[in-house]
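Data block below; observations after.
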Amino acid sequence: FTLTDHTGKTVTDKDFTGKYRLMYFGFTYCPAICPTELSKITAALNKMGDSGKEILPMFITVDPERDTPSIMKSYVTLFHPSLVGLSGTPEQTKAVLKHYKIYAAKREDPKMSDYTMDHSSFVYFIGPDDRLLHIFKMEDNAETMADIMTRWTAAP
Ligand code: NI
């Protein structure tokens, strides 16, 4: 993929090769699910102590219309100092969502002036060799996530 990070820098998927990554897709206007999942990611990484520092958390927006790099910047700092916020053009976003098989669709709510987004809520754990190691679901808690990631990062 090619996207823009929260500092305004253009990045591609290749920039992250060599690192363990935790990748989550959502949007900053999300009322509940995204903040919950991002807080859980932070809790899991903190529980891991030093090995948690080897893992780069990433948040990719499914709502590029509203989530500009500067909005992403103020949002990611709420969760984790290492959290990378990525946004892109509608075309770049479509491509990255398709690649990672993430469903996202705009939903208008007649009771609200603004729209919301329906989206899948998976956290992908990716290895330094770009291999998908684990998919965490909403029902996995921070302890489970930390245990599974510790097993992977401790493996020889
Ligand atoms: Ni959400």
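Whenever you get a sec, line up HIS80, HIS134 from highest to lowest accessible area (probe 1.4 Å, protein heavy atoms).
Largest accessible area first, the list is HIS134, HIS80.
Please arrange SER70, SER120, SER82 by accessible surface area, largest first, computed with a 1.4 Å probe and ligands excluded. Can you show the working numbers first?
Numbers: SER70 85, SER120 20, SER82 55 Å².
Highest to lowest solvent-accessible surface, that is SER70, SER82, SER120.
How about segment 1-49: which trypsin sites (Lys or Arg not before Pro) there lie in a loop by DSSP and see at most 12 other Cβ atoms within 10 Å?
Values: sites: LYS9, LYS14, LYS19, ARG21, LYS40, LYS47; in loops: LYS9, LYS19.
Those satisfying the criteria are LYS9.
In percent, what relative contact order does the chain have, based on Cα pairs under 8 Å that are 6 or more apart in sequence?
Computed over the chain, the figure is 30 percent.
Under a Cβ-only charge scheme (Lys and Arg +1, Asp and Glu -1), can you give me the dipole magnitude of segment 109-156 about the Cα centre, in debye to the nearest 20? Display every interim value, and only then the final one.
Details: 4 positive and 9 negative charges, 24 e Å.
Charge dipole, segment 109-156, about its Cα centre: 120 debye, nearest 20.
If you average the sequence gap of Cα pairs under 8 Å that are 6 or more apart and divide by the length of segment 1-56, what percent do you get for the contact order?
Once divided by the residue count of segment 1-56, the mean separation gives 30 percent.
Report in % the part of the accessible area of the chain that belongs to carbon and sulfur, leaving out ligands and nucleic acids; probe 1.4 Å.
Numbers: 4590 of 8180 Å².
Of the solvent-accessible surface of the chain, carbon and sulfur hold 56 percent.
Shape verdict for segment 73-121, please, from the Cα gyration tensor: rounded (a/c under 1.5), prolate (a/b greater than b/c) or oblate.
The shape class here is oblate.
On each of the three principal axes of the Cα atoms of segment 33-100, give max minus min coordinate, whole Å, ordered largest first.
Principal-axis extents of the Cα atoms in segment 33-100, largest first: 38, 25, 20 Å.
Would you pull out the residues with amide H under 5 Å of PHE27's amide H, same chain only if 5 or more places away, H placed 1.01 Å from N?
Residues meeting the criterion, in which the H sits 1.01 Å from N, are VAL62.
Whole-Hz ³J(HN,Hα) for each residue in segment 91-103, computed from phi via Karplus 6.51 cos²θ - 1.76 cosθ + 1.60 with θ = phi - 60°, x for glycine and proline: what do you get?
Values per residue, Gly and Pro as x: 5, 4, 5, 4, 5, 5, 5, 5, 4, 8, 6, 9, 8 Hz.
Tell me the mean residue ellipticity at 222 nm calculated for the chain from its helices only (DSSP H runs of n ≥ 4, each -39500 (n - 2.57), averaged over every residue, nearest 500).
-9000 deg cm²/dmol
I'd like the Kirkwood hydrodynamic radius of segment 1-125, using the inverse of the mean 1/r over distinct C-alpha pairs, in Å.
With all distinct Cα pairs of segment 1-125 included, I get 14.7 Å.
Keeping all protein chains in place, calculate the accessible area per residue for segment 53-156 (probe 1.4 angstrom), answer in Å².
Per residue, segment 53-156 has 57 Å² of solvent-accessible surface.
Quick check on segment 56-143: what does the Kirkwood estimate of hydrodynamic radius come out to from the alpha carbon pairs, in Å?
14.6 Å
Loop-only GluC sites (Glu not before Pro) in segment 10-118, please: DSSP not H, G, I, E or B, and at most 16 other Cβ atoms within 10 Å.
Numbers: sites: GLU37, GLU54, GLU65, GLU91, GLU108; in loops: GLU65.
Qualifying residues, ordered by number: GLU65.
The values are calculated or read from the model by the stated rules, or taken from the named source; none is laboratory data. Because the structure is a prediction, the values reported are computed rather than measured. Backbone-built Cβ (ideal geometry, glycine too); neighbour counts: all protein chains shown. Surface areas here come from the heavy atoms of the whole protein model, side chains and all, with no ligands, DNA or RNA. Shrake-Rupley method; radii C 1.70, N 1.55, O 1.52, S 1.80 Å.
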